[in-house]
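First comes the structure, then the notes that go with it.
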Amino acid sequence: MQAICGIPGLVATVVTFDPHPYTFFTGRQRPLLTPRTEKAQQLAWLGIEQLLLLPFDQALAQLSAEQFVQEIVIDALQASQIAVGADFRFGQQRRGDAQVLKTLATAAGAAVTIAPLEVVGNERISSSAIRQALDAGAMAQVTQLLGRPYCLMGEVIQGQQLGRTLGFPTANLQVPPEKYLPRSGVYQVRVESQQPGPLPPLGQLGVMNLGCRPSVTATGQTTIEVHLLNWSGDLYGQQLTVKLERFLRPEQKFASLAELQAQIRRDCAIAQTLTPV
């Protein structure tokens, strides 16, 4: 067994519900800030050794707070050190809270740490606040709330290759369908490959267009296209991480491809003069 904090036999583990309780109770998929694959990657970067997905079903939803702690946390997970946020709720009808967990788990021999809620200024850091900032294109605020740039992670797929004909070849990124997308528009980004490959280890500066491309298509389908500045190469099939640094402008429709080409040139010039947030 691996160790956590230097204690042999303990494994640093994050436990999360899958599907999200919101999806289970409403039947609707809620766009996620960190889909499963991205969550696992982010946690690995933080030194977490395993991510455990706890199936959220009717049986789990009906467990009382006492049953959840004993049957899931103590018996099934064999947890001996537990950390939760101060707003953690669990058990049937969310009757258990962090203090209840601490009382029950401590009685069973497990140590519990309750992490205080984090704030920036007077604002509590929450997924709702992050979504609102993403909707506004306020990337500096998003980075401050997350403690890192917001990322889009996915595979480069075949596109229409229109950017190539305009002189600005793009990598078309396919992200998980449940990924929460920010405001449509043009962004300054930093692009990294998830495998050893052609991109610099610290990322390549680029310009990303997120939207339905009204100047060239009428399908209304959202696409993610990234043009890498001062770089050329084949990225098809590569798994990329695109870090959103700045929102440059909203998406707009141009009267001609020449006007679109001129605007892309201006976007690239602006991106090269700006520093990361």
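R0 = 22 Å: FRET efficiency of His20 with Ser184, Cβ-based, nearest 0.05?
Efficiency, rounded to the nearest 0.05: 0.35.
Report the residue, chosen from Gly137, Gly211, Gly203, that carries the largest GNM mean-square fluctuation when the chain is represented by alpha-carbon nodes joined by springs under 10 Å.
Answer for the Gaussian network model of the chain: Gly203.
Tell me, what % of the accessible area of the chain is carbon and sulfur with a 1.4 angstrom probe?
Numbers: 7950 of 15190 Å².
Roughly 52 percent, rounded to a whole number.
Near Lys102, which aspartates and glutamates are there with a Cα under 14 Å away, not counting those fewer than 8 places off in the same chain?
Straight-distance partners of Lys102: Glu66, Asp87.
If Val119, Val112 are ordered by their accessible area, calculated over protein heavy atoms with a 1.4 Å probe, which sequence runs from highest to lowest?
Val119, Val112
Taking the Cβ of Arg246 as the centre, find all other residues whose Cβ is under 13 Å away and add up their charges (Lys, Arg: +1; Asp, Glu: -1).
Net of charged neighbours comes to +2.
Under the classification rounded if a/c is under 1.5, otherwise prolate if a/b is larger than b/c and oblate if not, where does the range 26-181 fall, given a ≥ b ≥ c as square roots of the Cα gyration tensor eigenvalues? Write down the numbers at each step before the final one.
Values: a/c = 2.49, a/b = 1.97, b/c = 1.26.
Prolate, since a/c reaches 1.5 and a/b exceeds b/c.
Kindly identify the range 1-99 as rounded, prolate or oblate by the Cα gyration tensor criterion: order the square roots of the eigenvalues as a ≥ b ≥ c, call it rounded if a/c is under 1.5, otherwise compare a/b with b/c, prolate if a/b is larger, else oblate.
oblate
If I fit a long axis through the Cα atoms of helix 36-45 and take the longest principal axis of the Cα atoms of the chain, what angle between them do I get, 0 to 90°, rounded to 10?
With both axes taken from Cα atoms, the answer is about 80 degrees.
Measure nothing but the geometry: give the 0 to 90° angle between the long axis through the Cα atoms of 257-273 and the longest principal axis through the Cα atoms of the chain, rounded to 10°.
60
Kindly report the accessible area of the chain per residue (heavy atoms of protein chains, probe 1.4 Å, no ligands, DNA or RNA), in Å².
It amounts to 55 Å² per residue over the chain.
Give the cross-link partners of Lys243 among the lysines, using a straight C-alpha distance below 18 Å as the criterion and excluding same-chain residues fewer than 8 apart.
Hits, sequence-local ones excluded: Lys39, Lys179.
Quote the FRET efficiency, to the nearest 0.05, computed for Ala136 versus Phe254 with a Förster distance R0 of 22 Å and r equal to the Cβ-Cβ distance. Show your work: numbers first, answer last.
On the way: r = 24 Å, r/R0 = 1.08.
E between Ala136 and Phe254, to the nearest 0.05, is 0.40.
In the neighborhood of Ile270, defined by Cβ-to-Cβ distances under 14 Å, what is the net charge if each Lys or Arg adds +1 and each Asp or Glu adds -1?
+2
Between Ser80 and Glu155, how many nm apart are label points set 7 Å from Cα along the C-beta direction?
Distance between label points: 4.1 nm.
Name the residue, out of Glu178, Glu225, Glu259, whose mean-square fluctuation peaks in a Gaussian network model built on the chain with Cα pairs under 10 Å.
Glu259
What FRET efficiency do you get for Ala262 and Gln42 if R0 is 51 Å and r is their Cβ-Cβ distance, rounded to the nearest 0.05? The partial results should precede the final answer.
Working: r = 38 Å, r/R0 = 0.75.
Plugging the Cβ-Cβ distance into 1/(1 + (r/R0)^6) gives 0.85.
Would you tell me the accessible area of Trp45, worked out with a 1.4 angstrom probe on the heavy atoms of the protein chains, in Å² to the nearest 10?
We get 140 Å² for Trp45.
Listed highest first by mean packing, meaning other Cβ atoms within 10 Å per residue, what order do 27-39, 67-79, 187-199 come in?
Per-residue Cβ counts within 10 Å, averaged per peptide and sorted highest first, yield 187-199, 67-79, 27-39.
Note down the nm distance, to one decimal, between modelled labels 7 Å out along Cα→Cβ at Tyr236 and at Glu123.
A separation of 4.3 nm, rounded to one decimal place.
The values are calculated or read from the model by the stated rules, or taken from the named source; none is laboratory data. Quick caveat, the model's predicted, so the values are computed rather than measured. Cβ: placed from backbone, ideal geometry, glycine included. Neighbour counts: every protein chain shown. SASA here: full protein model, heavy atoms, side chains in, ligands and nucleic acids out. Shrake-Rupley method; radii C 1.70, N 1.55, O 1.52, S 1.80 Å.
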